[in-house]
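Asker: Next up is a structure, given as structure tokens.
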Amino acid sequence: MKFKQIGGANKYFSSRPLKVRYTNLAPFVLLKNFSTGKRQWVLFFSSLAILFPACADSNQEVLQPGQKKYFDLKGFFNEETKRLETFSTVKKIATVDGVREEHVLDSLNFGQELKIFSNADINRPAWSDKYAIDSVFNEQKQLTQLNYTTEDKDLRTRQITVDFEDGQISKVFIENSTSSAIADTKQLLTYQPASGYTIESKQAVALSKDNAFLVEVQFLKNR
């Protein structure tokens, strides 16, 4: 199986995230699988990143023009929207306050559907020091998980977790939370490129009944 690099190097996250054990973590590279014609985002590691531990002060980090400090949700879901155009059949299940509806669809506006995920992107200059970054590696020093968390209650997106399998993104989890005198709302978003996604929302409203809904979408068939 042959691949060809067709994407930029620092596509999805900073080359030097905070609290990681190695500098210059290799970026995501957009590859084209010529046997299937599909594009895939794959994570590679620089040999220097494995050989040399981080030694520079994180406060001295300087981002290059256009470089993202955090995982680029908008870029990732823009590419996923294009990829999902190849799916001709999906199952969508909606549960609102316990009432369930299920439909098998031959088309779905994924650009609109996935906007709730891409809108959670945290790459804003004012937020550059708001999120703690933690990385998990396996015994082979391969990155298996990235975690972004914040305790700042003024920020809607409280957590982003990106899981990897064999260097590829296998799952993205997002927690959004807002609070006011009227209502407290929590959203749990889970996206798995191979199978589908879920959108769960719970709202506690003052002096009223709590609300809950769950949307599940399953990818069933390629064109």
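Asker: For segment 107-207, what ratio Rg/Rh do Cα atoms give with a Kirkwood hydrodynamic radius?
Answerer: So for segment 107-207, dividing Rg by the Kirkwood Rh gives 1.01.
Asker: State the Cα centre-to-centre distance between segment 170-190 and segment 98-154 in whole Å.
Answerer: Taking the Cα centre of each part, segment 170-190 and segment 98-154 sit 11 Å apart.
Asker: Above 12 Å lies some portion of the pair distances; for segment 117-157, what is it as a whole percent of all C-alpha pairs?
Answerer: Within segment 117-157, distances greater than 12 Å cover 66 percent of Cα pairs.
Asker: Another one. From the residues VAL104, GLN142, VAL90, which one has its Cα farthest along the dipole of segment 79-148 in the positive direction, the dipole being from +1 and -1 charges on Cβ of Lys/Arg and Asp/Glu about the Cα centre?
Answerer: So the residue we want is GLN142.
Asker: If you don't mind, there's one more thing I want to ask. Please give the FRET efficiency for GLU175 paired with ASP210, using the beta carbon to beta carbon distance and R0 = 22 Å, rounded to the nearest 0.05.
Answerer: Taking R0 as 22 Å, the efficiency between GLU175 and ASP210 is 0.75.
Asker: Something else about it: Go through LYS74/LYS202; LYS186/LYS209; LYS91/LYS186; LYS69/LYS130; LYS82/LYS202 and tell me which ones have a Cα-Cα distance over 21 Å in this structure.
Answerer: From the list (LYS74/LYS202; LYS186/LYS209; LYS91/LYS186; LYS69/LYS130; LYS82/LYS202), the Cα-Cα distance tops 21 Å for LYS74/LYS202; LYS91/LYS186; LYS82/LYS202.
Asker: Could you pull out every one of the aspartates and glutamates with an alpha carbon less than 14 Å from that of LYS68, ignoring same-chain neighbours closer than 8 positions?
Answerer: LYS68 reaches ASP121, ASP129.
Asker: At 0.36 nm per residue, minus the direct Cα-Cα distance, what do GLU101 and LYS74 gain on full extension? Give it in nm, one decimal, please.
Answerer: 6.8 nm
Bear in mind that the values in this text are calculations on the coordinates, not laboratory data. Keep in mind that this is a model prediction, so the values were computed, not measured. We place every Cβ from the backbone using ideal geometry, glycine too, and count neighbours over all the protein chains shown.
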